[in-house]
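Trainee: The structure under discussion is supplied below as structure tokens; questions concerning it will follow.
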Amino acid sequence: MYMRRNWQLYVLLVLPIAYFLVFKYGPMYGVTIAFKDFNLFQGVNKSPWVGLDNFKQIFQNRQFYTVLRNTLMLNFLDLVVSFPAPIILAIMLNELRSLMYKKLAQTILYLPHFISWVIVGGIVYQVFATKSGFVNNMLANVGLEAIPWLSDKTYWVITYLATGVWHSAGWGTIIYLAALTGINKELYEAADVDGAGRLTKILYITIPGIQSTIVVLLIMKLGELVQIGFERPYVLGNVTVSEYSEVISTFVYKTGLQSAQYSIATGVGFFQAAVGLIFILTANYIAKKTTDQGII
């Protein structure tokens with residue numbers, strides 16, 4: 001009876017379900033390439049099975065451990081630096097009293113998210129280039145030495161992290177601002193009556209009020225420690241810092257598309273997915289045990 005009365009709602013689900021079946025679950029069949037000696041002309045079905053030979057080759061490759069180390073290092077540093085940024089920004093925006101200034105600040109903070117990483121890479125090179133960059137030209141004008149932001153490994157990591165914060169922090173505030181609207185306003189009024197200051201209200205009302213949102217997003221971030229986007233490290237990286245800028249996504253691109261080793265590239269992708277699943281399940285289990293909150 002319920003389904004008959006609300007059949008329109010179930011019809012609305014047809015397109016989303018079809019999308020996931022076709023574009024998400026359908027391509028999973030291609031994972032079998034990781035266990036085959038894939039030949040482009042024979043296709044997936046007719047390529048011979050090789051068992052775990054591709055994975056043995058992956059784990060015997062020293063470069064794989066380098067890109068795995070870089071992926072974990074950059075993602076962990078990104079988690080430490082970038083994860084708190086939207087929380088802090090959301091709290092700061094929430095504390096603004098001028099509605100017009102608040103909307104203006106939100107717009108300015110959101111804009112970088114809509115800029116392609118290719119364009120961001122061009123901006124970074126224009127601003128931080130050693131000889132012609134805006135920042136180093138300013139340093140030279142005041143008699144200071146140029147800083148190799150993009151050619152020194154340590155400075156490159158700093159530039160990489162700072163660019164990530166600038167690009168994504170503003171967009172990430174949307175979720176936390178939405179969570180902040182769910183906090184009961186009477187709690188703030190009661191705190192005002194008790195003489196609580198702004199910092200006290202943030203520590204004892206605002207942050208606990210969005211704790212569940214923080215935990216869920218943290219679990220998702222921990223599950224992505226082995227996953228890393230392709231555009232950012234590829235665009236910002238260069239030969240001089242390849243020891244740090246080469247990550248799993250760029251390794252898969254060069255191995256699969258440039259070297260045509262499709263089975264190896266698929267095996268690395270499968271390894272990423274498996275380890276990511278383990279990370280997210282572990283983080284979810286710990287979160288449930290410690291805070292009684294989780295996503296599964």
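The values are calculated or read from the model by the stated rules, or taken from the named source; none is laboratory data. Bear in mind the structure is a predicted one, so any value in this text is a computation, not a measurement. Positions of Cβ are generated from backbone atoms using ideal geometry, with glycine treated the same way; all protein chains shown enter the neighbour counts. The protein model used for the area step is the full one, side chains on, heavy atoms only, and it has no ligands, DNA or RNA in it. Shrake-Rupley method; radii C 1.70, N 1.55, O 1.52, S 1.80 Å.
Trainee: Tell me which residues come under 5 Å, amide H to amide H, from LYS36 once H is placed; ignore anything under 5 positions away on its chain.
Mentor: Placed amide hydrogens put VAL50 under 5 Å from LYS36.
Trainee: About the Cα centre, and with charges only on the beta carbon of Lys, Arg (+1) and Asp, Glu (-1), how big is the dipole of segment 229-293? Nearest 20 debye, please.
Mentor: Working: 4 positive and 4 negative charges, 34 e Å.
About 160 debye.
Trainee: Taking all pairs of different Cα atoms in segment 104-255, averaging 1/r and flipping that mean, what Kirkwood radius in angstroms comes out?
Mentor: Details: mean 1/r = 0.0536 Å⁻¹.
By the Kirkwood definition, the hydrodynamic radius is 18.6 Å.
Trainee: Considering the Cα positions of segment 49-91, please state its Rg to one decimal place and its Dmax as a whole number of Å.
Mentor: In Å, with Rg to one decimal and Dmax whole: 17.4, 55.
Trainee: For the chain, modelled as a GNM with alpha-carbon contacts under 10 angstrom, which of TYR160, TYR285, TYR25 fluctuates the most?
Mentor: Among TYR160, TYR285, TYR25, the largest mean-square fluctuation in the Gaussian network model of the chain belongs to TYR25.
Trainee: Something else now. Under a Cβ-Cβ cut-off of 12 Å, what is the net charge of the residues other than ILE91 that fall near it, where Lys and Arg count +1 and Asp and Glu count -1? Kindly include the intermediate steps, with their values, before the conclusion.
Mentor: On the way: positive: ARG198, LYS201; negative: GLU95.
With Lys, Arg at +1 and Asp, Glu at -1, the net is +1.
Trainee: Further question: How large is the convex hull of the Cα atoms of segment 90-189 per residue, expressed in Å³ as a whole number?
Mentor: Numbers: hull volume 14.7 nm³, N = 100.
About 147 Å³ per residue, rounded to a whole number.
Trainee: Rounded to the nearest Å, what's the spacing between the alpha carbon centres of segment 250-271 and segment 76-147? Just the number, please.
Mentor: 33
Trainee: Quick one: pull the percent of accessible area on the chain belonging to carbon and sulfur, 1.4 Å probe, ligands and nucleic acids left out. Mind showing how you got there, number by number?
Mentor: Working: 12280 of 18360 Å².
Roughly 67 percent of what the probe reaches on the chain is carbon or sulfur.
Trainee: Residues with beta-carbon under 15 Å from that of LEU52, excluding LEU52: net charge, scoring Lys, Arg +1 and Asp, Glu -1?
Mentor: Numbers: positive: LYS36, LYS56; negative: ASP37, ASP53.
Net charge in that neighbourhood comes out at 0.
Trainee: From the P(r) of segment 20-71, could you give the percentage of C-alpha pairs in the tail past 17 Å?
Mentor: On the way: 718 of 1326 pairs.
In whole percent, the long-distance tail amounts to 54.
Trainee: Still on this model: Hey, could you get me the Stokes-Einstein D for segment 186-296, Kirkwood radius over alpha-carbon pairs, 25 °C and 0.890 mPa s, rounded to whole µm² s⁻¹? Mind showing how you got there, number by number?
Mentor: Working: Rh = 17.4 Å.
The estimated diffusion coefficient comes to 141 µm²/s.
Trainee: Separate question: Considering Cα pairs under 8 angstrom that are at least six residues apart, work out the relative contact order of segment 8-159 and quote it in whole percent.
Mentor: Numbers: 72 pairs, mean separation 13.1, N = 152.
Over segment 8-159, the number comes to 9 percent.
Trainee: Which pairs break 31 Å Cα to Cα here: LYS103/LYS288; LYS24/LYS288; LYS24/LYS185; LYS153/LYS254; LYS36/LYS288; LYS36/LYS153? Don't skip to the end; give the middle numbers.
Mentor: Details: LYS103/LYS288 36 Å; LYS24/LYS288 28 Å; LYS24/LYS185 42 Å; LYS153/LYS254 21 Å; LYS36/LYS288 39 Å; LYS36/LYS153 38 Å.
Pairs exceeding the cut-off: LYS103/LYS288; LYS24/LYS185; LYS36/LYS288; LYS36/LYS153.
Trainee: Which is farthest toward the positive dipole end of the chain among GLY164, ILE33, ALA178, measuring Cα position about the Cα centre, with Cβ charges +1 (Lys, Arg) and -1 (Asp, Glu)?
Mentor: It is ILE33.
Trainee: Contact order normalised by length for the chain, with contacts defined as Cα pairs under 8 Å and 6 or more residues apart; what percent is it? Let's see the in-between values first.
Mentor: Details: 296 pairs, mean separation 73.8, N = 296.
Contact order relative to length: 25 percent.
Trainee: Okay, moving on. What residue among TYR101, TYR125, TYR110 shows peak mean-square fluctuation when the chain is described by a Gaussian network model with Cα springs under 10 Å?
Mentor: Highest fluctuation of the listed residues: TYR101.
Trainee: Length gain on complete extension for the stretch LYS185 to ILE278, per 0.36 nm per residue less the alpha carbon to alpha carbon distance? Walk me through the numbers on the way to the answer.
Mentor: Values: separation 93, 0.36 × 93 = 33.48 nm, distance 3.92 nm.
The LYS185-ILE278 span can extend by a further 29.6 nm.
Trainee: Right, something else. Please tell me the relative contact order of segment 191-296 in percent, rounded to the nearest whole number, where contacts are Cα pairs under 8 Å and at least six residues apart. Intermediate values should be presented prior to the final figure.
Mentor: Values: 77 pairs, mean separation 34.6, N = 106.
Relative contact order comes out at 33 percent.
Trainee: Bin width 10 Å, alpha-carbon pairs only: give the P(r) of segment 134-202 as whole percents, running from 0 to the bin holding the largest distance.
Mentor: Values per bin, smallest distances first: 16, 23, 20, 17, 17, 6.
Trainee: Right, something else. Order MET220, MET3, MET100, MET73, most accessible first, counting only protein heavy atoms with a 1.4 angstrom probe.
Mentor: Details: MET220 85, MET3 120, MET100 155, MET73 55 Å².
From most exposed to least exposed: MET100, MET3, MET220, MET73.
Trainee: Binned at 10 Å from 0, what are the whole-percent values of the Cα-Cα distance distribution for segment 1-138, short to long?
Mentor: Histogram of Cα-Cα distances, whole percents per bin: 8, 14, 21, 25, 21, 10, 2, 0.
Trainee: Moving on to the next point. Over segment 177-216, one equal point on each Cα, no solvent: what is log10 I(q)/I(0) by the Debye formula at q = 0.15 Å⁻¹?
Mentor: Taking Cα atoms of segment 177-216 as identical point scatterers yields -0.34.
Trainee: As a check on your grasp of the helix formula, calculate [θ] at 222 nm for the chain: sum -39500 (n - 2.57) over DSSP H runs of n ≥ 4, divide by the residue count, round to the nearest 500. Provide the component values of the computation, followed by the final result.
Mentor: On the way: 18 runs with 193 residues, N = 296.
That calculation yields -19500 deg cm²/dmol at 222 nm.
Trainee: Next question, about the same structure. Can you give me the accessible area per residue for segment 31-140, using a 1.4 Å probe, in Å²? All intermediate terms of the calculation are to be shown ahead of the outcome.
Mentor: Values: 6910 Å² over 110 residues.
So segment 31-140 comes to 63 Å² accessible per residue, rounded to a whole number.
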